[in-house]
Amino acid sequence: MTNENTSQTPDNAAAGRTEDFFEEEYETAAEYHRLAAQHFADAAKHHLLAALADDEGDNDALARHAYLAYRQQLNGVQYAEIAAMNNDSLDDELDDEADNV
């Protein structure tokens, strides 16, 4: 019996998606820094819109923009952390410093 006759079960489909996931190319540290910067810039825009809404007494818009600003900030922090963790040259420097102590 060969695999050609095997039907595509949910388990087989999940295994195929997992293999595709591991074959994907990941972004560089620079791309993560750019993504972090974009999210922080978007957070700043929403903070300004929240301030404007507060000045105008629009509590619904204030709440919405404050929430969106916070969400963008969280995303920015996540990308910044990934960028820092993917910085291989920093790891090498820290390893060299630890070896010299």
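Laboratory data are not the source of any read-out in this text; all were calculated from the coordinates shown. Remember, it's a predicted structure, so these values are computed and weren't measured experimentally. Every residue, glycine as well, gets a Cβ built from its backbone with ideal geometry; the counts of neighbours run over all protein chains shown.
Quick notes on this structure:
- Extending 7 Å from the Cα toward the beta-carbon at both Asp60 and Glu31 defines two label points whose distance is 4.0 nm.
- Packing around the peptides 49-57, 75-83, taken as the average count of other Cβ atoms within 10 Å per residue, puts them in this order, highest first: 75-83, 49-57.
- Positive contributions from Lys and Arg (+1) and negative ones from Asp and Glu (-1), summed over other residues with Cβ under 13 Å from the Cβ of Asp42, come out at +3.
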